[in-house]
Amino acid sequence: MSDEPSEPYGEHRQQNVYAAGMLANDPPEHPVQYEKLKHRAIEAMSDEAAAYVAGGAGSEDTIDENRRAFADWRIVPRVLRDVSERDLRVSPFGREFELPVLLAPLGVLSIVHEAGELAVARAAADCDIPMVLSSASSYTMEEVADELGDTPKWFQLYWSADQKIASSFVDRAEDAGYDGIVVTLDTPLLGWRERDIEQGYLPFLDGEGVANYFSDPAFRERLNASPEENEGSAVMEFIDVFGDPSLTWEDLANLREETDLPLVVKGVLHPDDAERAVECGADGVVVSNHGGRQVDGAVGALTALPSIVEAVGDTPVLFDSGVRGGADAVKAIALGADSVLLGRPYAYGLALDGEAGVRSVLENFRADLDLTLALTGHTSFEDLDRSILLDRRPPGSGGP
Ligand code: FNR
């Protein structure tokens, strides 16, 4: 890794914002507090899009539990340790990331803003934050890769029921220069999402989020008429092949054979599953409950993290579901995550103001992360461990 310290993202952001506010009467255009950002974004979106992004499975109890789990751990800052220069870089897969943050794969972003994943990719490239692109993106993986340029990029695979489509996606991701594959294991079927059900709304049926499929030779081979000729029947074909609830661990071992790229499994909550994934050749694990969108009542993702870190030893562990600010990332990393994924916050930035909205969210998150690290008395994420946290979990509530 570079010996140079990172840019002082925290001080720079504060100086810019305060100077603009005080000297030019020009305070930030976009909300900084998460709840305000969410509220404003929801007002800016259609009812259907707002429900799709903000909603979760069933009673949405897991969305709340993801946040509550962070309160179980309290940071105990240390003082007088010279934190004037920090190095925020991490390199969990042998490739350096500027920050221990990636953008989580969020599908169908065109329902939020017409520039969708292209706008997100431009903001990510600007901030040097790696992006994990969803299989269900509104623009093709090749188009998004062009926007990302040299910024690290990963492709999230929804494992199609048609193995030829899954293989073709992996081949295309390799050709387009993606650095790794993140295969999502918690979505062989869509969860019971009550807000969407109530509105009878599924964006794919509107032809949103299907760009990778409609452009795919293996997908197109299945069709009697091209998507350009008959979008309706192509969409129905997509619904048919989207997921495969019959998949088992043998299939993961087979997928491993298909690519030399790092293969990371996403959506793991039990240490036995994490261990099994590594045995099948996974290079990393994303501890995640899909932001509470799949199993209502599922364990909070942070609650599941420590036992998975212990189970997989040196294998990189990434974390998402409920990360809203720098302190959340600090807690997850202190519990053994190598990096976190940011999800809904950037979708809300996108809804409010496209690329500029995403950039605001990323710049604020990065500044908060930098300052929080420094104020804990540390200068590198590699130095964080559980000793900076007070365990406030109720007795007997420690993860699976
Ligand atoms: C998602 N997520 C998701 N995950 C995935 O593997 N592929 C996908 O296409 C999507 N699509 C998607 C759309 C929307 C609107 C949301 C909110 C989420 C899950 C995502 O990657 C991540 O796990 C969660 O967003 C984490 O929860 P929070 O922190 O965003 O609440």
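The values are calculated or read from the model by the stated rules, or taken from the named source; none is laboratory data. These numbers come from a predicted model, not from an experiment. Ideal geometry is used to build each Cβ from the backbone, glycine not excepted, and the neighbour counts take in all protein chains shown. We work out accessible area using only protein heavy atoms, side chains counted, and drop any ligands, DNA or RNA first. Shrake-Rupley method; radii C 1.70, N 1.55, O 1.52, S 1.80 Å.
Tabulated values for the structure
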quantity	calculated
The chain: angle of helix 9-23 to the longest principal axis, Cα-based, in degrees nearest 10	80 degrees
Gain in span if fully extended, Ser226 to Glu29, counting 0.36 nm per residue against the direct Cα distance	66.6 nm
Theoretical gain in end-to-end length, Asp82 to Arg392 [0.36 nm per residue, Cα-Cα removed]	108.7 nm
For the chain: relative contact order, % (alpha-carbon pairs under 8 angstrom, 6 or more apart)	26 percent
On Cα atoms only, tilt of 344-375 relative to the major axis of the chain in degrees	30 degrees
Rel. contact order, % - alpha carbon contacts under 8 angstrom, at least six apart, the stretch 95-214	28 percent
Share of Cα-Cα pairs in the stretch 73-166 lying beyond 18 Å, as whole percent	56 percent
Exposed trypsin sites (Lys or Arg not before Pro) absent: longest stretch of the chain, with sites in DSSP loops and at most 16 other Cβ within 10 Å deemed exposed	223-391
Average projected area [Cα convex hull, the chain], square nanometres	19.6 nm²
Gln199-Glu11 pseudo-label distance in nm [points 7 Å out on the Cα-to-Cβ vector]	4.5 nm
Under 12 Å, Cβ to Cβ, from Glu194 - net charge with Lys/Arg +1 and Asp/Glu -1	-2
Considering only the chain, percent of DSSP beta bridges that pair antiparallel, nearest 5	15 percent
Between helix 61-71 and the chain: long-axis angle, C-alpha atoms, 0 to 90°, nearest 10	20 degrees
Residue-averaged [θ]222 nm for the chain, counting only DSSP H segments that reach four residues, each worth -39500 (n - 2.57)	-13500 deg cm²/dmol
Accessible-area composition of the chain, carbon plus sulfur, in percent [1.4 Å probe]	46 percent
Accessible area in square angstrom per residue, the chain, 1.4 angstrom probe	42 Å²
Alpha carbon convex hull of the stretch 140-247, projected area averaged over orientations, nm²	7.6 nm²
